[in-house]
Amino acid sequence: MAGSIPASSPAFSPAFSPAFSNEPFADLRSAEVREKFGAAVSAAARSAAFEAPLIIAGERLATQGRIDSVDPSDPGRVVCRSGRAGRAEVDRAVEAAARAQGAWAATSPRYRADVVLRAAAIMREKRCELAGLEVIEAGKPWTQADADVCEAIDFCEYYAREVLLLAEGAPVLQAPGESNSYGYQSRGIVAAIAPWNFPLAIPCGMVTAGLVCGNAVMLKPAEQTPGVGLRLIEILLEAGVPSGALAFLPGVGEEAGAALVDHPQISVIAFTGSKDVGLQIIERAAVTGRGQRHVKKVIAEMGGKNAVVVDADADLDLAVPAIVDSAFAYAGQKCSAASRLIAVGDVYDAVVDRLVEATRSVRVGPASDPETVVGPVIDEIAFRRIGRYQEIAREEGEVLVQRTDIPDTGWFVGPTVAACEDPDARIATEEIFGPLIVCLRADDFGRALEIANSTPYALTGGVFSRTPAHIRQASEQMRAGNIYINRKITGALVGRQPFGGYGLSGVGSKAGGPDYLLQFCEPRVITENTARP
């Protein structure tokens, strides 16, 4: 990844700090900040539906097919009308990327980092506008939308710094008469297949990781949020990414997504979404196509069935609000969300009673309402799926509370707390991806960990305890990629809590961590005989 540093690199000003720090969240307690944020939400709500055509080699292309994204709080409102890429458009985009990738890879890592840092600066300028669009297109409440934009900025800032460390190479042993160097080069073309629940941050992380390492990138946004995806691509192009090295391919997963996965010139597939789709991608990517000269690298984050263990001596004043936030913020539509509460012994009744009462008071409403905690679910498919699990909860256990005081318009599902005796029940093992948490009892702490570890997932987990030995035991034995002690299990921050799981929760290194960029590079060793006769 060597190269000359451009003479002019504006983002690397004297004020640039090599140290990374997270973007601060908006202080929505401030009247001025709330007014500015509210104006952006209102503007997004009032705006007419905008077009999101394909972008290939800098050219905006209309397609015969179309995908409409709607406001989950008001499904009658169309937010964005996007193009619908198919195999022909994917082939065209990959051809353009193949032509552009070599020149992009030949630029210096510092130049590529500079481009990504400029993108971060543009996102800061457009922060309220981007968050406002997320509120309307993705149904994210104010705080959640703001946090998503902050995370996107964090990914840009973090990966820009990480690629400079990679550019230094890694130390290897030297011997008299020879010179050895260990460095990294780009892999080629990256397909980023993004989810709707973090419509800016997750695609931004996948795309910028690929770009800073010198790869060309194809972004297929989620069908539900193409408008946010378009804004990301526009920002990156404005920041200086060569037009051929970045394509925007909105479309249906079975069409555009499948074409990207199958294409022999795709080197890396970065995916976030369901377990079923992720496993299909891994299987398809393992097939070596005609003319393919490499094995495809798959990075897949595939969800979880995350447990929070409440020990017998836990501080319930700390635990209950954290569980409510983990289970119900953004209507439970986070792969890290708490979906199982496992309480030890006699604390079960107390923590469940308090959880039920807290659930009765959590604010449910349109995402545009600044007080909303539980907004709508993303679409009718999610609405009906979660509704079926509410019925299953009645069959397999007892529904302790299910909120029915919800808006009549929109895809709203009332927060639900269920109790179940069987840890192998469907509601206790299957990912629901909605505002439903199931409560389970364990006789002792060891049994609680066994129940927590009993699913094939291994994404996040949490423990509330005041016993140091139990905290150590959970840290060593809980089957999760991210374990949280005496705090909520959602809200991982780039650089502080690098995020990702294992088991059937995913393959690949943690996003926002020191290993992530290595997946977008090929390591190379060069040895030279310096003892020439």
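The values are calculated or read from the model by the stated rules, or taken from the named source; none is laboratory data. Bear in mind the structure is a predicted one, so any value in this text is a computation, not a measurement. A quick note on method: Cβ atoms are made from the backbone with ideal geometry, for glycine too, and the neighbour counts reach across all protein chains shown. Calculation scope for accessible area: heavy atoms of the full protein, side chains included, ligands and nucleic acids excluded. Shrake-Rupley method; radii C 1.70, N 1.55, O 1.52, S 1.80 Å.
Starting at the first residue of the range 122-135, write each ³J(HN,Hα) from the Karplus equation 6.51 cos²θ - 1.76 cosθ + 1.60 with θ = phi - 60°, in whole Hz, x for Gly and Pro.
Running phi through 6.51 cos²θ - 1.76 cosθ + 1.60 with θ = phi - 60° gives 5, 4, 4, 5, 9, 4, 5, 4, 5, 5, x, 5, 5, 4 Hz.
How far is the Cα center of the range 95-111 from the Cα center of the range 190-209, in Å?
20
I'd like the Karplus ³J(HN,Hα) series for the range 262-277: coefficients 6.51, -1.76, 1.60, θ = phi - 60°, whole numbers in Hz, and an x wherever there's a Gly or Pro.
Computed from phi, the couplings for the range 262-277 are 7, 5, x, 8, 7, 9, 10, 10, 10, 10, 10, x, 6, 4, 4, 5 Hz.
Go through 59-65, 165-171, 417-423, 453-459 and give me the packing order, highest mean Cβ count within 10 Å leading.
My ranking of the peptides, most packed first, is 453-459, 417-423, 165-171, 59-65.
Using only alpha carbons, build the gyration tensor for the range 162-248 and give me the equivalent ellipsoid semi-axes, biggest first, whole Å.
34, 12, 10
Return the long-range amide H neighbours of Ala314 (sequence gap of 5 or more, or a different chain), with a cut-off of under 5 Å between placed amide H atoms.
Long-range HN contacts for Ala314: Arg466.
For Val309, what residues show an amide H to amide H distance below 5 Å, using hydrogens built from the backbone and excluding near sequence neighbours?
Close amide H contacts, sequence-distant or interchain: Ile342, Gly462, Val463, Phe464.
For the chain, with all protein chains present and a 1.4 Å probe, just round the carbon and sulfur fraction of the accessible area to a whole percent.
50
Give me the distance between the Cα centres of the range 427-446 and the range 311-332, rounded to whole Å.
A separation of 13 Å, based on Cα centres.
What does the net charge come to around Glu431 if you take all other residues with beta carbon closer than 9 Å to its beta carbon, with K and R at +1 and D and E at -1? Before the final figure, lay out each step's value.
Values: positive: Lys275, Lys305; negative: Glu430.
Residues near Glu431 contribute +1 overall.
Search the structure for amide H atoms under 5 Å from the amide H of Glu51, placed 1.01 Å from N in the peptide plane, and list their residues when 5 or more places away or on another chain.
Distant-sequence amide H within range of Glu51: Arg81.
What whole number of Å gives the distance from the Cα centroid of the range 508-533 to the Cα centroid of the range 22-66?
About 38 Å separates the Cα centre of the range 22-66 from the one of the range 508-533.
How would the range 21-123 be classified by its alpha-carbon gyration tensor: rounded, prolate or oblate, with rounded meaning a/c under 1.5 and the a/b versus b/c comparison settling the rest?
oblate
Starting from 0.36 nm per residue, how many nanometres of slack lie between Ser361 and Glu528 once their C-alpha separation is accounted for?
Going from the current span to full extension adds 53.2 nm.
Name the shape class, rounded, prolate or oblate, that the alpha-carbon gyration tensor gives for the range 481-533, where a ≥ b ≥ c are the square roots of its eigenvalues, rounded holds for a/c under 1.5, and otherwise prolate holds if a/b is larger than b/c and oblate otherwise.
prolate
Rounded to whole Hz and in sequence order, give me ³J(HN,Hα) for the range 175-183 from the Karplus expression 6.51 cos²θ - 1.76 cosθ + 1.60, θ = phi - 60°, writing x for Gly and Pro.
Going residue by residue, I get 9, x, x, 8, 10, 10, 9, 10, x Hz, with x marking Gly and Pro.
Can you find, among Val277, Ala329, Met302, the residue farthest towards the positive end of the dipole of the range 267-329? Put +1 on the C-beta of Lys and Arg, -1 on that of Asp and Glu.
Positive-end residue among those listed: Val277.
Distance cut-off 18 Å, Cα to Cα: go down the list Lys296/Lys334; Lys334/Lys510; Lys275/Lys334 and report the pairs above it. If you can, show how the numbers build up before the last one.
Values: Lys296/Lys334 27 Å; Lys334/Lys510 16 Å; Lys275/Lys334 14 Å.
In this structure, Lys296/Lys334 exceed 18 Å between Cα atoms.
Along the charge dipole of the chain, pointing to its positive end and built from +1/-1 on Cβ of Lys, Arg, Asp and Glu, which listed residue (Phe50, Ala62, Ala442) has its Cα farthest out?
Most positive-ward Cα: Ala62.
Using per-residue counts of other Cβ atoms within 10 Å, averaged over each peptide, order 471-477, 373-379 from highest down.
So the peptides 471-477, 373-379, ranked by packing, come out 373-379, 471-477.
Can you give me the relative contact order of the chain as a percent, contacts being Cα pairs under 8 Å and 6 or more apart?
Relative contact order here is 17 percent.
Rounded to the nearest 5, what % of the DSSP beta bridges within the chain are antiparallel ones? Show your work: numbers first, answer last.
Numbers: 30 of 73 bridges.
So the antiparallel bridges in the chain amount to around 40 percent.
Quick one: of the DSSP bridges fully inside the range 386-533, what percent are antiparallel, nearest 5?
Taking every DSSP beta bridge within the range 386-533, about 45 percent pair in antiparallel fashion.
For the chain, what does the helix formula give at 222 nm: sum of -39500 (n - 2.57) over DSSP H segments with n ≥ 4, over the residue count, nearest 500 deg cm²/dmol?
-12000 deg cm²/dmol
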